[in-house]
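Read through the structure below, which is laid out as structure tokens, and then see the notes.
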Number of protein chains: 2
Amino acid sequence: MTNDIKAILFDVFGTVVDWRGSLIRDFSAWGTAHGLTVDWPALVDAWRAAYAPSMARVRNGALPWTNLDALQRESLADIGPRFGLPAALPDDWQNHLIHGWRRLDPWTDSVAGLTRLKTRFVIAPLSNGNVALLVDMAKRARLPWDMVFATELFRHYKPDPETYLGAVSLLGLAPHQVVMAAAHNYDLHAARALGLRTAFFARPTEYGPSQTSDLRPDADWDFVARDIEDLATLLGA
Amino acid sequence: MTNDIKAILFDVFGTVVDWRGSLIRDFSAWGTAHGLTVDWPALVDAWRAAYAPSMARVRNGALPWTNLDALQRESLADIGPRFGLPAALPDDWQNHLIHGWRRLDPWTDSVAGLTRLKTRFVIAPLSNGNVALLVDMAKRARLPWDMVFATELFRHYKPDPETYLGAVSLLGLAPHQVVMAAAHNYDLHAARALGLRTAFFARPTEYGPSQTSDLRPDADWDFVARDIEDLATLLGA
């Protein structure tokens, strides 16, 4: 089967980078330097919790196409004051926080695993992050993507079919030649329904120490690995 | 001015890679191995000459959106028999020739220059080649792009404004923060009209030994370099 595989698409937030740990570290240091008293872990968790509902408003047509940076800006304005951020946040502070989503550290296996996979396959994110966000993140974190598929290119958010099929089509491939790799079962269910192959590995601390979701595969995914390095081994890279 | 610059978009065919020399070398060797008697330089030149008119049919609305691979396939069917290719070309032969546009060698300064520029700027192609073509080319030629802007993403060909402005917008930048770099004056005129900055360097043998076009800048472009390494020097990278 692996001989047939040409490309691997990666979910990014949680799958390739540790958004929660990175944001808490970044914002805590920045908050201290700016004399702010904010419960940063709680703010980060609430901000992340607003993410799916904000995309749902685009997915169900309540909002016209709006990219992730813009959705995050709106959510932050709603959520910030609840955790101690000034309601009238200076522009540069607002931008620092929103751009925090570009300053995310990869999990320890990510760069080594991607670098191995890149020798044999086309590797690209397929992420709900926008192009500018994903490009800045990749430069800082040294993620060696061959292409950056932001779902913004398709003006749809995952798990809309247009995103998976859009990337497959731009690569000039058939769905079965492409693997969707994610630490989230929902993403793989959507990809499998369209004929893509699937790879799962758990990121058991993505949501912090008391995470209960996505601790294990909930279907017989084509590849189940420990992490991205292990996936490279399974795929012969 | 350079402090303000965040990204550099590169034309690819002729600017970064030597399409004519590469195709003639590749096809000549392949043709010999397949016992074909074809005037390869003439075929390559005729094929390249069909490129702008074929895109013009898309740009003026005579054809619905059609990507470059598909346009090249049509042109080859028209042109091939004139230069000695069998009219009924086996599929794998046809694909080998069409995919020749992915097996293009970079000019000797390209990889070194791009690698330097990447340390300081976002670098990406802005090319009429399609995504699959540009991704395959970059892997083979080791072009270290941060993102691949095929004009296919915008369903327009250069020099339509949608292509330049589409890339600028996806990068979340203003036009004056982006440089269009090309060995073709027409590309820079279109970019400058939209507020992008411009960089020119000549590729005097792109069209072979008797090239007469684009031997020098025909306007006061923001940067005029000898090649991509020299451009990196001018931009402090």
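The values are calculated or read from the model by the stated rules, or taken from the named source; none is laboratory data. Worth saying up front: this structure is predicted, and the values here are computed from it rather than measured. Counting neighbours? That spans all protein chains shown, and the Cβs are built from the backbone with ideal geometry, glycine included.
Structure notes:
- In segment A:150-159, the residue that is farthest from B:Ala7 (Cα to Cα) out of those that are more than 9 Å from chain B (Cβ to nearest Cβ) and crowded, with 19+ Cβ neighbours inside 10 Å is A:Pro159.
- Scanning segment B:177-192 turns up no residue that is farther than 25 Å from A:Lys6 by Cβ, among the charged types (D, E, K, R) and within 11 Å of chain A (Cβ to nearest Cβ).
- Matching option when the condition is more than 15 Å from the chain's Cα centre (by Cα) and either modelled with pLDDT under 95 or of a type in the set (D, E, K, R) (or both), among A:Glu162, A:Glu152: A:Glu162
- Flag if B:Leu104 is away from every other protein chain (no Cβ under 14 Å), in a loop (DSSP other than H, G, I, E, B), in contact (Cβ under 8 Å) with a residue 12 or more places away in the chain and under 30 Å from B:Val178 (Cα atoms): yes
- Residue that is nearest to A:Leu231 (Cα to Cα), among those in segment A:1-32 that are of a type in the set (Phe, Trp, Tyr) and part of a helix (DSSP H, G or I): A:Trp19
- One residue stands out in segment B:70-97 among those that are touching a helix residue (DSSP H, G or I) at 6+ places or on another chain (Cβ under 6 Å) and small (Gly, Ala, Ser): the one that is farthest from B:Ala132 (Cα to Cα), namely B:Ala87.
- Restricting the first member to segment A:34-58 and to residues that are in a loop (DSSP other than H, G, I, E, B), and the second to residues that are β-branched (Val, Ile, Thr), the beta-carbon pairs closer than 7 Å and six or more apart or on different chains are A:Ala50/A:Ile79.
- Within segment A:126-136, the residues that satisfy the criterion of being within 18 Å of A:Ala52 (Cβ to Cβ) and either part of a strand (DSSP E or B) or of a type in the set (A, V, I, L, M) (or both) are A:Leu126, A:Ser127, A:Leu133.
- Residue in segment A:201-211 that is at positive phi and either among the small types (Gly, Ala, Ser) or without any contact (Cβ under 8 Å) to a residue 60 or more places away in the chain (or both) present: yes
- Some residue of segment B:163-174 being of a type in the set (Val, Ile, Thr) and within 11 Å of chain A (Cβ to nearest Cβ): yes
- Among residues of segment B:191-221, those that are closer than 17 Å to B:Val178 by Cβ and surrounded by fewer than 20 Cβ atoms within 10 Å (Cβ to Cβ), counted: 4
- Being farther than 16 Å from B:Phe154 by Cα, of a type outside the set (Ser, Thr, Tyr) and more than 9 Å from chain B (Cβ to nearest Cβ) is a property that A:Arg140 has.
- Test: residue in segment B:160-174 that is touching an Asp or Glu at 6+ places or on another chain (Cβ under 8 Å), surrounded by 15 or more Cβ atoms within 10 Å (Cβ to Cβ) and part of a helix (DSSP H, G or I): yes
- Criterion (outside any loop (DSSP other than H, G, I, E, B) and free of Cβ contacts under 8 Å to residues at least 24 places away in the same chain) met by exactly one of A:Gln72, A:Gln94: A:Gln94
- Top-ranked residue of segment B:115-137 - restricted to ones that are aliphatic (A, V, I, L, M) and farther than 20 Å from A:Met137 by Cα, ranked as farthest from the other protein chains (Cβ to nearest Cβ): B:Leu126
- Looking across segment B:76-91, the residues that are part of a helix (DSSP H, G or I) and aliphatic (A, V, I, L, M) come down to B:Leu76, B:Ala77, B:Ile79.
- Note on segment B:202-237: residues that are touching a Gly at 6+ places or on another chain (Cβ under 6 Å) and either in a loop (DSSP other than H, G, I, E, B) or among the basic types (Lys, Arg) (or both) amount to 2.
- Failed condition for B:Lys6, given (1) over 30 Å from B:Phe223 (Cβ atoms); (2) in the same structural domain as B:Gly195 (by TED's automatic domain parsing): (1)
- Selection status of B:Ser213, more than 10 Å from chain A (Cβ to nearest Cβ) and either farther than 24 Å from B:Leu97 by Cβ or charged (D, E, K, R) (or both): yes
- Note on segment A:172-197: residues that are farther than 30 Å from B:Ala70 by Cβ and either in contact with a strand residue (DSSP E or B) (Cβ under 8 Å, 6 or more places away or on another chain) or not assigned by TED's automatic domain parsing to the domain that holds A:Lys6 (or both) amount to 5.
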